[in-house]
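Worksheet for the structure shown next.
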Amino acid sequence: MDELKIVKLAELRSRMAGIPGKLILTFLIVAGAMCQFSMDRFKENILETIVSFFMIYGVLSYFGLLIKMTGNYLIGIIVAVVLIGVWQYNMEKMGEVWYTLIGAVICFGGPVLDVFTIIRYFILKKNLFSQMADYEDYGDEDDEVDDEAYEEYQRQQARREWQERQMQERKRSEAPSPGFFNGCKDAASIKRRYRDLCKVYHPDAGNGSSEVFNKITEEYNRLIKES
């Protein structure tokens, strides 16, 4: 499963957490201030009440956004009120188009963003659940087969590694000796010959050679181990 989608889903869920509270508060404001909790008043001005509902919801969303950005309720509310005051004060300087556009963003931006958040949440949730279902179906059908195949693969891999080690050991044991230690019959003579060869072929010596010295050391180690 895509872990990035899971994180994104949790992020969208956290954004949606404040929506029920805003809806309830908006309903109480509209029902109390405009309709006096009367169904007859609501029926008389249905369109006006619905538009007012969205506007108040948008203003609450605007205040909530600034509170979240500032990290403090009091500071967020003060900043929101100041910005609205600046918007009202510069009404003539902005012109009718910009004034109306900014007002529409303040009043209706919150509902539009919340609707998009809800839609994205349910689309992403549906995709994740479908991925989980596909994965579980595959696991239910093929778990036993996969386990047996994996165990067989491990056995074959271990067998191949063991065969490679045996082949390497056989090659080393069957490799012809370069002859640096010909005539050495015991460990002591091998060690003496090795010290003499180091004086001549060691890379730090005047005419030494790293390649030859490595061959001497390899043969020395093999002979000492055998002896």
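Annotations
- Restricted to the stretch 59-80, and to residues there that are surrounded by fewer than 16 Cβ atoms within 10 Å (Cβ to Cβ) and of a type in the set (S, T, N, Q), the residue that is farthest from the chain's Cα centre (by Cα) is N72.
- Summed over the stretch 9-35, the residues that are of a type in the set (S, T, N, Q) and open to solvent by less than 60 Å² (accessible area, probe 1.4 Å) give a count of 1.
- For the stretch 36-44, the criterion of a residue being assigned to a helix (DSSP H, G or I), basic (K, R), touching a helix residue (DSSP H, G or I) at 6+ places or on another chain (Cβ under 7 Å) and surrounded by 11 or more Cβ atoms within 10 Å (Cβ to Cβ) is satisfied by no position.
- Unmet requirement for G21, which otherwise passes all of (1) touching a residue at least 24 places away in the same chain (Cβ under 8 Å); (2) within 21 Å of Y121 (Cα to Cα): (1)
- Residue check for K68: in a helix (DSSP H, G or I) and farther than 23 Å from I102 by Cα: no
The values are calculated or read from the model by the stated rules, or taken from the named source; none is laboratory data. All figures in this text were calculated on a predicted structure; none of them were measured in a lab. Here Cβ is always computed from backbone atoms with ideal geometry, including for glycine, and neighbour counts include all displayed protein chains. Quick note on the areas: whole protein, heavy atoms, side chains included, nothing else; ligands and nucleic acids left out. Shrake-Rupley method; radii C 1.70, N 1.55, O 1.52, S 1.80 Å.
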